[in-house]
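Here's the structure we're looking at; comments come further down.
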Amino acid sequence: QLQASGGGLVQPGGSLRLSCAASGTFFSINIMGWYRQAPGKQRELVATVTSGGDTNYADSVKGRFTISRDNAKNTVYLQMNGLKPEDTGVYYCNVYPPVDRHFGRGTQVTVSS
């Protein structure tokens, strides 16, 4: 399992930085992704990053979120700026395409005034 951390309660317009660490071999050969699940909705892909640093984003977060990875630390990050209430949900990291057994507990992000 991959354990995400860094979530919390933030006001609209605020920022959070999520982190996720993985084992070295696992991390280095895979595209990594951040996913989220809002209350009552299916889990969705937010962003991906290749081992070489190429990124892709869901349209809903383009220009606000930045995914990155530190291959030396086997860690993937999600910098979230300009947060909106609709960004509320549980955020997970996983490989892309996702493997169910690698989803951990996720980290809760709540955007509310």
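The values are calculated or read from the model by the stated rules, or taken from the named source; none is laboratory data. This is a predicted model, so every value here is computed, not measured. Cβ: placed from backbone, ideal geometry, glycine included. Neighbour counts: every protein chain shown. Note: areas computed on protein heavy atoms with side chains; ligands, DNA, RNA excluded. Shrake-Rupley method; radii C 1.70, N 1.55, O 1.52, S 1.80 Å.
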Scanning the stretch 3-41 residue by residue, the ones that are in contact with a helix residue (DSSP H, G or I) (Cβ under 8 Å, 6 or more places away or on another chain) and open to solvent by less than 60 Å² (accessible area, probe 1.4 Å) total 2
Scanning the stretch 42-56 for residues that are in contact (Cβ under 8 Å) with a residue 12 or more places away in the chain and not in a strand (DSSP E or B), the one surrounded by the fewest Cβ atoms within 10 Å (Cβ to Cβ) turns out to be GLY53
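Those residues that are touching a residue at least 60 places away in the same chain (Cβ under 8 Å), surrounded by fewer than 16 Cβ atoms within 10 Å (Cβ to Cβ) and assigned to a strand (DSSP E or B), I need them from the stretch 57-83; list them, please.
Just the residues of the stretch 57-83 that are touching a residue at least 60 places away in the same chain (Cβ under 8 Å), to begin with: 77-83.
From the residues that got through so far, the ones that are surrounded by fewer than 16 Cβ atoms within 10 Å (Cβ to Cβ) too are 79, 81-82.
Hit for the stretch 57-83 is GLN79, nothing else.
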Scanning the stretch 84-109 for residues that are charged (D, E, K, R) and modelled with pLDDT of 95 or more, the one least open to solvent (accessible area, probe 1.4 Å) turns out to be ASP87
